[in-house]
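Below is one structure, written out as structure tokens, with a few remarks after it.
The values are calculated or read from the model by the stated rules, or taken from the named source; none is laboratory data. Remember, predicted model here, so these are calculated numbers, not experimental data. Note that we place each Cβ from the backbone using ideal geometry, even for glycine, and neighbour counts take in every protein chain shown. For the accessible areas, the whole protein counts, side chains as well, though only heavy atoms, and no ligand, DNA or RNA atoms are used. Shrake-Rupley method; radii C 1.70, N 1.55, O 1.52, S 1.80 Å.
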Amino acid sequence: REVLIQAQKAFPDISQESILGKIKQITSKVPDITSDDIDRVKKLVYAYGKDWARIGQEINDTPRRAERIWTQHREQQKAPQTWSEDELNTLRRCIHDGVEMTEASRLIGTKTRDACNATMLLLKGT
């Protein structure tokens, strides 16, 4: 409920239904994934790319589960965060001026590139 309230404040132009759908997508968890699982898969993705068969073998699991662990990790990184009005205004200016998300992240100074990208997409209504 608190996430919904924060998201509605941050994105007043986006419908509650769209926000709830995005929250559900982001927060749906793959069962039994630990932070150790995520750390192992992250290291293997950086070593082997998205070779899920090899990564699954390395973690003694299926390729599909290895990919699901990675996907959950990436979605968690994009999860909605609380944005101040100043941060949102800076991001809106970046969108208006066509600034890339990496530069937007640098200008805001408190948000990652992925967080800026996710929020830019929400602000653009996609």
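Treating the beta-carbon of each Lys and Arg as +1 and of each Asp and Glu as -1, no other charges, what is the dipole magnitude of the chain about its Cα centre, to the nearest 20 debye?
On the way: 21 positive and 19 negative charges, 41 e Å.
It comes to approximately 200 debye.
Once you've got the Cα coordinates, tell me which of LYS50/LYS124; LYS42/LYS124; LYS50/LYS111; LYS9/LYS111; LYS42/LYS111 are over 24 Å apart.
Numbers: LYS50/LYS124 29 Å; LYS42/LYS124 30 Å; LYS50/LYS111 26 Å; LYS9/LYS111 18 Å; LYS42/LYS111 21 Å.
Long pairs (Cα-Cα over 24 Å): LYS50/LYS124; LYS42/LYS124; LYS50/LYS111.
Could you check the spin-label model distance between ILE38 and LEU4? Points 7 Å from the Cα along Cα→Cβ, value in nm.
Result: 2.4 nm between the two label points.
Please calculate how many Å² of accessible area the chain carries per residue, with a 1.4 Å probe and no DNA, RNA or ligand atoms counted. Walk me through the numbers before you get to the answer.
Numbers: 8150 Å² over 126 residues.
Roughly 65 Å² per residue, with all protein chains present.
For the chain, what % of the accessible area comes from carbon and sulfur atoms, probe 1.4 Å? Write out the running numbers ahead of the final one.
Values: 3900 of 8150 Å².
The C+S portion of the solvent-accessible surface of the chain is 48 percent.
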